[in-house]
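Below you'll find the structure, written out as structure tokens, and then a few comments.
Derivation of every value follows stated rules applied to the coordinates shown; laboratory data play no part. Keep in mind that this is a model prediction, so the values were computed, not measured. Reconstructed Cβ throughout: ideal geometry from the backbone, glycine too, with neighbour counts over all protein chains shown.
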Amino acid sequence: MPSGLILGIESSCDETAAAVVERGAKTLSSVVASQIATHLRYGGVVPELASREHLRAIVPVVRAALAEAHVTLTDLDAIAVTSGPGLAGALLVGITYAKALAFAQGLPLIAVNHLEGHIHAVLLQERQALALQNQRAALPLDEQALALVVSGGHTHLFLAEPADGMWHYSVVGRTLDDAAGEAYDKVAKLLGLGYPGGPWIDALARFGDPHAVPFAFAQIKTKAHLEGKAPRTKAAKTAPIAALDPHFLFSFSGIKTAVLRYVELHGLRDEATARVPRMLAAGRPPQTKEAALALCPQPTLDLIASFQHAVIGDLMKKTFAAAESLDAQRILVTGGVAANRELRERFVAEASRRGLQIAFPTLALSTDNAAMIAAAAWPRFTAGEFAATDLSAEPALALGN
């Protein structure tokens, strides 16, 4: 009888991760080696450095995941690996190592889309929570759901539907340019804050006035000359602009530019430059108003709060509009930005007001990890959907149709 154990490997960007998950429902181990310290000085991920760090970390991380789970390679039923989207060199490190392990052990290899992994992070969390409560009733994770995947590289809306033991995805909306998390990182860098920018902005936004700077998002309109063309963003092989409802399309390049103009107009650039050494000395985001004011003056805190309030408001507006249009009764919010405190609070409040179910992964499962990859692989394992021997990285791999 199969053990149900799958080793997942994730290396799509700047975290090297490995995990052992049982039947897509129980995490036995999850190990993540972060590269934040490597990329901090550059204010963003440097692809060549990311690949080098993956090469250094992949073997010890996988060994640690197996040891933490108290299993060996012979106990596994399969090995799963992220095949895309992501950085080509980073993906290749994980894929090459996973292929070598699978070949050496005679195990099937399962290719997993990184975006699908994020969706299964929520489903994995729900399965584990229900198991702790000893609930054996029908799981809500077997129902249709609208999934918002929002991270540093992606902002997508998917309709996720289970059928015949598998999950099927339809693209409902997406960003046309910057992802929400990318806008966070760029605004944080502009303001002289730490990397990654999301935790810094979320922490500082608590101490500012979210209505001080009236940022607004214009309604996106389809343009005749772009009909049939894909958006200018990552993982853009499918879902041309004309195929999607413009009410569910996102664009975050405009607010990033608006923050830049505000900084220039109010003479905040020199202040931001002077903030960098104080930020490095602080090490982590401030937790009190006094510490925040020691790092940023009140007008900057107001700007940060207004930026976050506007971005989350746009994510909410389009997600709940899509849920209403599709009559979706359940919403999954996942990805790195799903760890944002204000986002969770406002989404939960709005879902409650509308009488909708809403679910998030744990904070650990929100950011890139391998447990979500192993969980997403389980339905593919039961269906016998294995990767070919010529599996390679697909940096622009899309999910859904």
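Determine the shape class of region 1-159: with a ≥ b ≥ c the square roots of the Cα gyration tensor eigenvalues, call it rounded for a/c under 1.5, and otherwise prolate if a/b is greater than b/c, oblate otherwise.
Oblate is the answer for region 1-159, as a/c is 1.5 or above yet b/c matches or exceeds a/b.
Considering only Cα-Cα distances, which of the following residue pairs are longer than 31 Å: 189/317; 26/256; 99/186; 186/317?
26/256; 99/186
Less than 5 angstrom separates the built amide H of residue 387 from those of 109, 110, 111, all sequence-distant by 5 or more or on a different chain.
Peptides 24-36, 361-373 ranked from most to least packed give 361-373, 24-36, packing being the mean of other C-beta atoms within 10 angstrom over each peptide's residues.
The charge dipole of region 40-176, taken about its Cα centre with unit charges on the Cβ of Lys, Arg, Asp and Glu (plus for the first two, minus for the last two), comes to roughly 500 debye. Evaluating 6.51 cos²θ - 1.76 cosθ + 1.60 at θ = phi - 60° for every residue in region 21-29, the Karplus couplings come out as 10, 9, 6, x, 9, 9, 7, 8, 7 Hz, glycine and proline recorded as x. Each DSSP beta bridge with both residues in the chain is either parallel or antiparallel, and the antiparallel ones are about 60%. Note that region 39-46 has calculated 3J(HN,Hα) couplings of 9, 4, 5, 9, x, x, 6, 9 Hz, one per residue in order, obtained from phi through the Karplus relation 6.51 cos²θ - 1.76 cosθ + 1.60 (θ = phi - 60°); glycine and proline are x.
The angle between the Cα long axis of helix 88-105 and the main principal axis of the chain comes to about 20°, on a 0 to 90 degree scale. Quick check: from the Cα gyration tensor, does region 93-174 come out rounded (a/c under 1.5), prolate or oblate? It is oblate, given that a/c is not under 1.5 and a/b is not larger than b/c. Ordered by the count of other Cβ atoms within 10 Å of each Cβ, fewest first, 73, 295 give 73, 295.
On a 0 to 90 degree scale, rounded to 10, what angle separates helix 269-282 from the longest Cα axis of the chain? It is inclined by approximately 50 degrees. Shown here are the Rg and Dmax of the Cα trace of region 298-367, at 13.1, 42 Å. For region 44-103, the pair-distance distribution built from all alpha carbon pairs, in bins 10 Å wide starting at 0, is 20, 50, 25, 4 percent.
For the pair region 328-387 and region 103-118, the centres of their Cα atoms are 20 angstrom apart. Each of 43, 120, 301 was scored by the projection of its Cα onto the charge dipole of the chain, and the greatest displacement toward the positive side belongs to 301; charges sit on the C-beta of Lys, Arg, Asp and Glu.
More than 38 Å apart: what percent of Cα pairs in the chain qualify? Everything past 38 Å amounts to 19 percent.
Quick one: grab the alpha carbon gyration tensor of region 272-390, order the square roots of its eigenvalues as a ≥ b ≥ c, and give me rounded if a/c is under 1.5, else prolate or oblate depending on whether a/b is larger than b/c. It comes out oblate by the Cα gyration axes.
With contributions of -39500 (n - 2.57) from each DSSP H run of at least four residues, the per-residue ellipticity at 222 nm computed over the chain stands at -14000 deg cm²/dmol. Coupling constants for region 64-72 follow from the phi torsions by the Karplus curve (6.51 cos²θ - 1.76 cosθ + 1.60, θ = phi - 60°), and in residue order they are 5, 5, 5, 5, 5, 7, 6, 9, 10 Hz; glycine and proline get x.
Using only side-chain charges placed at the Cβ, +1 for Lys and Arg and -1 for Asp and Glu, the dipole size of the chain relative to its Cα centre rounds to 620 debye. Partner aspartates and glutamates whose Cα lies under 15 Å from the Cα of residue 289, excluding those fewer than 8 positions away in the same chain, are identified as 202, 209, 302. When peptides 110-121, 42-53 are ranked by their average number of other Cβ atoms within 10 Å per residue, the highest-first order is 110-121, 42-53. Counted over all Cα-Cα pairs of region 324-401, pairs farther apart than 14 Å make up 74 percent.
Packing order of peptides 327-340, 151-164, 8-21, highest average first: 8-21, 327-340, 151-164 (average count of other Cβ atoms within 10 Å over each peptide's residues).
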